[in-house]
Amino acid sequence: MVTLTNNNEIYILPNLKDLFLQVAEDFIHRAIAAVENRGEFTVVLSGGNTPKLLLTTLVEAETKFHKIPWGKIKFFFGDERYVPLDNIESNYHMAYEYLFSKVPVLMDNIYRIPTEFSNPSLAAKEYERTLYSVFQLKKNQFPKFDLVYLGLGEDGHTASLMPGSRFKKHRLVVALWLKKTNKYRITLTPACINHAANVVFLVTGANKASAVREVLEGPLIPELYPAQLIHCLNSRTLWYLEKAAASKLSFLKDF
Ligand code: 6PG
């Protein structure tokens, strides 16, 4: 089911299997089209648990169909926990375990967020330098990723843009202190995300239903619900919701 609310395009799928099959199909079509048109596909992976099911579905698709142009895909990360690469909390570690170690990606095409710097702000600056170089950006320009995946926290955060986060508008990447985990996070800024060609939220679970409703239908309070800062500038912002995560949306009552 597709419903449009203020430039969001919402897809609601009845269960996880249907959801991730559709998202994987969308990924494959976008990757093939981008590689045919430009010779590459640039995708930003999100962290946490939700992407694991998407990456598993993509590996299964590769096993069956062998049609994903892995060697032409450049992988980036929307955010990273400031932990060593081999730490179970690392988003890069998760992507490696679930995808990079299972399909023929080019390791040179994986642009992970560095977490080896003593000062997380230097890591953010280094990742910014990487984006400037890979996308050949001039000052105050933003990368136009083909596709950015985002998750949604129960508190309405996305990437590592947490309630109350503060950052300079011209930045592409920032380091933010996360009080609740006593750790730093490195994250793309809303402006960096919004300049993508396509932005896709993947949200599952009844525990996210309140956040989905507040972000999509509640009053505009981005300091409280940072996901409200995300509006793709080049296309509608896509939301792929498992039915349980969409269960508190008011328009669902009309169906
Ligand atoms: C992270 C993510 C974060 C995540 C949401 C949802 O590094 O944790 O980028 O924004 O997408 O917290 O996490 P789950 O998918 O685990 O529910």
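Observations on the structure shown:
- Residue that is farthest from residue 133 (Cα to Cα), among those in the range 161-201 that are touching a Cys at 6+ places or on another chain (Cβ under 7 Å) and not aliphatic (A, V, I, L, M): 198
- Scope the range 214-255; condition of a type in the set (Lys, Arg), more than 23 Å from residue 196 (Cβ to Cβ) and touching a strand residue (DSSP E or B) at 6+ places or on another chain (Cβ under 9 Å); matching residues: 243
- Residue list for the range 32-45, filter: within 20 Å of the chain's Cα centre (by Cα) and either within 16 Å of the ligand (Cβ to nearest atom) or basic (Lys, Arg) (or both): 43, 44, 45
- Scanning the range 144-161 for residues that are farther than 17 Å from residue 196 by Cβ and more than 9 Å from the ligand (Cβ to nearest atom) yields a single hit, 156.
- Residues that are more than 14 Å from the ligand (Cβ to nearest atom) and either over 19 Å from residue 19 (Cα atoms) or buried (at least 18 other Cβ atoms within 10 Å of the Cβ) (or both) within the range 46-61 comprise 57, 58, 61, listed in sequence order.
- Residue satisfying all of: in the range 116-133; part of a helix (DSSP H, G or I) and of a type in the set (Asp, Glu); surrounded by the most Cβ atoms within 10 Å (Cβ to Cβ) among these: 128
- Contact map, the range 154-176: residues that are farther than 19 Å from residue 115 by Cα and at pLDDT 95 or above paired with residues that are of a type in the set (S, T, N, Q) and within 14 Å of the ligand (Cβ to nearest atom), Cβ distance under 7 Å, separation 6+ or inter-chain. Pairs shown: 154/207.
- Residue 88 being free of Cβ contacts under 8 Å to residues at least 12 places away in the same chain and within 23 Å of residue 158 (Cβ to Cβ): yes
- Contact map, the range 188-205: residues that are over 10 Å from residue 232 (Cβ atoms) and within 15 Å of the ligand (Cβ to nearest atom) paired with residues that are of a type in the set (D, E, K, R) and modelled with pLDDT of 95 or more, Cβ distance under 8 Å, separation 6+ or inter-chain. Pairs shown: 188/79; 189/171; 192/171; 203/242; 204/242; 205/242.
- Within the range 4-18, residues that are touching a residue at least 40 places away in the same chain (Cβ under 8 Å) have Cβ atoms under 6 Å from residues that are among the aromatic types (Phe, Trp, Tyr) and part of a strand (DSSP E or B) in these pairs: 8/239; 10/239; 11/240, counting only partners at least 6 apart in sequence or on another chain.
- When each of 74, 52, 67 is tested for being in a strand (DSSP E or B) and touching a residue at least 12 places away in the same chain (Cβ under 8 Å), the lone residue that passes is 74.
- Check on residue 98, part of a helix (DSSP H, G or I) and within 20 Å of residue 174 (Cβ to Cβ): no
- Residue that is out of contact with any Pro (no Cβ under 8 Å at 6 or more places or on another chain) and surrounded by 15 or more Cβ atoms within 10 Å (Cβ to Cβ), where the choices are 235, 210: 210
The values are calculated or read from the model by the stated rules, or taken from the named source; none is laboratory data. Everything numeric here is computed off the predicted structure, so don't read it as measured data. Cβ coordinates were reconstructed from backbone atoms using ideal geometry, including for glycine residues, and neighbour counts include every protein chain displayed.
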